[in-house]
Amino acid sequence: SANAMWGGRFASGPDAIMEAINASIGFDKRLAPQDIAGSRAHAAMLAAQGIITDSDAEAIREGLLTVLSEIETGQFAFSTALEDIHMNVEARLKEIIGEPAGRLHTARSRNDQVATDFRLWVRDQADAAILGLDALIRALLDQAEAGADWVMPGFTHLQTAQPVTWGHHMMAYVEMFARDLSRFRDARVRMNESPLGAAALAGTGFDIDRQMTAEALGFDRPMANSLDAVSDRDFALEFLSSATISAVHLSRLAEELVIWSSAQFRFVTLSDRFSTGSSIMPQKKNPDAAELIRAKIGRILGATVALFTVMKGLPLAYSKDMQEDKEQVFDAADNYMLALAAMTGMVTDMTGNRDNLEAAAASGFSTATDLADWLVRELGLPFREAHHVTGALVAMAEEQGCDLADLALADMQGVHAGITEGVFSVLTVQASVASRVSYGGTAPAQVRAQIARWRERLG
Ligand code: ARG
């Protein structure tokens, strides 16, 4: 039989394989609410412009609401023969309201239709990401506030570097996730223009009002070029890129939680609600959620690479290649949101183990830099010489199997005669962090200032 949608031109229907490769209904049914919102806006505009009658527009409006409720209640029978969500909705509308349904597609193409639907969908996801990041940032702020002055080891190369505060470490992630949030916001501003009315690619001869449909759908304005409107998916690429960068941040925090919750570190205790057990080892409490968050970047970056690769080299305007945009974005968005929610739960529920953090902070000669700085400040040594003297003191402590603070003053003076009792005041981890008062530094006073700044910004 001839094709149900374009039977006029076609003598035979598609091969089963053609139908299988061509159909997108299996995944783009997710766009139903956006598709129906777009169609309602379009029909209202057609009537306002006198292109269709008010009674046709009313029938279309009522019919679309029925279709939507059928879809929402799971009564809708999706058909692969009807290719995609757009044709499925229109065909069902025809069954319900008859002839007026055929007027809905006036001055419209599936090309501007799908671009509109997808923009609306991605815009919702950007909003959800913004909300999700806001929640995560607030959870991190609470953690930072609770332990603004808890001392822990700061690492470089995962080797003890200098003591830092728990609050400082939490606030580092606040900065990262806040940048992620602003990336989604920026992307949302750029994507919020309406492709509807671009029609197939060239615009239309009908006297449409693109401003009206743009406004009805919450867009800031219609897109200025009809070719661009149906051709680009940069809004999806920007969303994916933002999600990818944020997933990197999530992955790094997840990795730290994995390390920190181990028996060897014991920096944090994860809640039972976000941990799993082992079927064989009774003692186990595994950080599976953190591991999965750590892994999600794989598929999110994969989706990003996939869509970049699909889009490169496509001539203007629409090509069917672009149908491959949706599954990638759906999967990346679903998994990004899940990772974000899981991380927020883990951070909210976790307990920083103050005593273990502090004990770890003192190990590994973490105040060696403070000692070198003291030699510079008090004895006027050039930093390079102070570095050398301190290195010798570290070697001595290592040999004696003690910390820097446990060295005898006389032994220290054997390395440099000018060293006095006063040196011991800078060798504690508390003194070390308290001294780091430079803007953005780890001193509790600085951390509290950072927290206050963010609380004010977030409101
Ligand atoms: N299902 C299609 C897509 O996702 C809708 C647009 C079809 N347009 C066309 N000219 N075949 O891209």
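Placing a label point 7 Å from the Cα of R30 along the Cα-to-Cβ direction, the residues of region 287-302 whose backbone N falls under 13 Å from that point are 300. Taken over the C-alpha atoms, the chain has Rg and Dmax values of 30.7, 102 angstrom.
Rounded to the nearest 10 square angstrom, H387 shows an accessible area of 100 square angstrom against a 1.4 Å probe. Computed from backbone phi, the HN-Hα couplings of region 124-133 come to 4, 5, 4, 5, 5, 5, 4, 5, x, 5 Hz, rounded to whole numbers (Karplus: 6.51 cos²θ - 1.76 cosθ + 1.60, θ = phi - 60°; Gly and Pro given as x).
Take the Cβ atoms of T80 and A431, set R0 to 56 Å, and the FRET efficiency comes out at 0.20. Extending 7 Å from Cα along the Cβ direction at R190 and again at D288 yields two label points whose distance is 3.9 nm. Taking Cα atoms only, the orientation of helix 32-48 departs from the longest principal axis of the chain by about 50 degrees.
Based on Cα atoms of region 227-345, Rg over Rh with Rh as the Kirkwood radius reads 1.16. Taking the longest Cα principal axis of the chain as reference, the axis of helix 325-349 is set at about 40 degrees. For the chain, the share of DSSP beta bridges that are antiparallel, to the nearest 5, is 80%. Solvent-accessible area of E378, all protein chains in place: 110 Å² (probe radius 1.4 Å, heavy atoms, ligands and nucleic acids excluded). Between F308 and S278, the simple label model (points 7 Å from Cα in the Cβ direction) yields a spacing of 3.9 nm.
Computed from Cα positions, the angle between helix 234-260 and the longest principal axis of the chain comes to roughly 30 degrees.
Full extension of the chain between R179 and A341 gives 56.6 nm of extra length, using 0.36 nm per residue less the Cα-Cα distance. The Cβ shell under 14 Å around D232 holds other residues with a net charge of -3, Lys and Arg each +1, Asp and Glu each -1.
Using 0.36 nm per residue and subtracting the Cα-Cα separation, the extra length available between L158 and R455 on full extension is 103.9 nm. Projecting label points 7 angstrom from Cα along Cα→Cβ for S262 and E95 puts them 5.8 nm apart. When shorter helices are ignored and each DSSP H run of at least 4 residues is given -39500 (n - 2.57), the per-residue value for the chain at 222 nm works out to -20000 deg cm²/dmol.
Straight-line reach from K29: taking Cα to Cα under 30 Å and skipping same-chain neighbours fewer than 8 places apart, the lysines in range are K94, K296, K312, K320, K326.
Exposed loop sites were defined as chymotrypsin sites (Phe, Trp or Tyr not before Pro) in DSSP loop states (anything but H, G, I, E or B) carrying at most 10 other C-beta atoms within 10 Å; in the chain the longest segment without such a site runs 7-438. The gain in end-to-end length when the Y439 to D142 segment is fully stretched comes to 104.8 nm, 0.36 nm per residue minus the alpha carbon separation.
Averaging the Cα positions of each part gives two centres, and for region 157-180 and region 22-93 these lie 49 Å apart. Within the chain, the longest run free of trypsin sites (Lys or Arg not before Pro) that sit in a DSSP loop with at most 13 other Cβ atoms within 10 Å is 10-283.
The values are calculated or read from the model by the stated rules, or taken from the named source; none is laboratory data. Fair warning: this is a prediction, and the values are worked out from it, not measured in the lab. Reconstructed Cβ throughout: ideal geometry from the backbone, glycine too, with neighbour counts over all protein chains shown. Remember, those area values only see protein heavy atoms, side chains included, never the ligands or the DNA or RNA. Shrake-Rupley method; radii C 1.70, N 1.55, O 1.52, S 1.80 Å.
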